[in-house]
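Everything below concerns the one structure shown next.
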Amino acid sequence: MLSFFQRSAPGAMPVMARRRRAWNSWRRQPGYLGIESARDEAGFGITVSYWESEEAIKDWKQNAEHLEAQRRGVESWCSNYIVRIAKVERAYGMKNKKTDQEKTG
């Protein structure tokens, strides 16, 4: 798992289309498993991507599209970021059927 914590520079929120393009390039990368992302109105965002192995993350990090996006982000809209690499040992959750029914019903 790779987590990316990022704060956009004031007035420079990245366009959603740009993020979608980046995520689509990740999907083509061998070893990619999935992604989750959230962002607040102040420009703070967290993106978590899941990979088969640390080797897959290293390969993605050297991807030409990623390197170019990283360069553009640092130059134009990202004021700071932190990357964390971790291994997911276990994952679980709960789905409240009553809440889902209220939303759709």
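A Cβ distance below 9 Å, combined with a sequence gap of six or more or placement on separate chains, defines the contacts here; from the range 84-105, residues that are modelled with pLDDT of 80 or more and surrounded by fewer than 10 Cβ atoms within 10 Å (Cβ to Cβ) reach residues that are of a type in the set (D, E, K, R) and in a helix (DSSP H, G or I) in the pairs Lys87/Glu54.
Is it fair to say Ala56 is touching a residue at least 12 places away in the same chain (Cβ under 8 Å) and under 16 Å from Arg21 (Cα atoms)? Give the steps one after another, and end with the answer.
Values: touching a residue at least 12 places away in the same chain (Cβ under 8 Å): yes; under 16 Å from Arg21 (Cα atoms): no.
Considered against the rule, which asks whether it is touching a residue at least 12 places away in the same chain (Cβ under 8 Å) and under 16 Å from Arg21 (Cα atoms), Ala56 comes out as no.
Of the residues making up the range 21-32, none is of a type outside the set (A, V, I, L, M, F, W, C), at pLDDT below 85 and on the phi > 0 side of the Ramachandran plot. Scanning the range 41-65 for residues that are surrounded by fewer than 16 Cβ atoms within 10 Å (Cβ to Cβ), within 14 Å of the chain's Cα centre (by Cα) and not in a strand (DSSP E or B) gives a single hit, Lys61.
The values are calculated or read from the model by the stated rules, or taken from the named source; none is laboratory data. These figures come from a predicted structure and were not determined experimentally. Glycine gets a Cβ as well: all are built from the backbone with ideal geometry, and neighbour counts include every protein chain shown.
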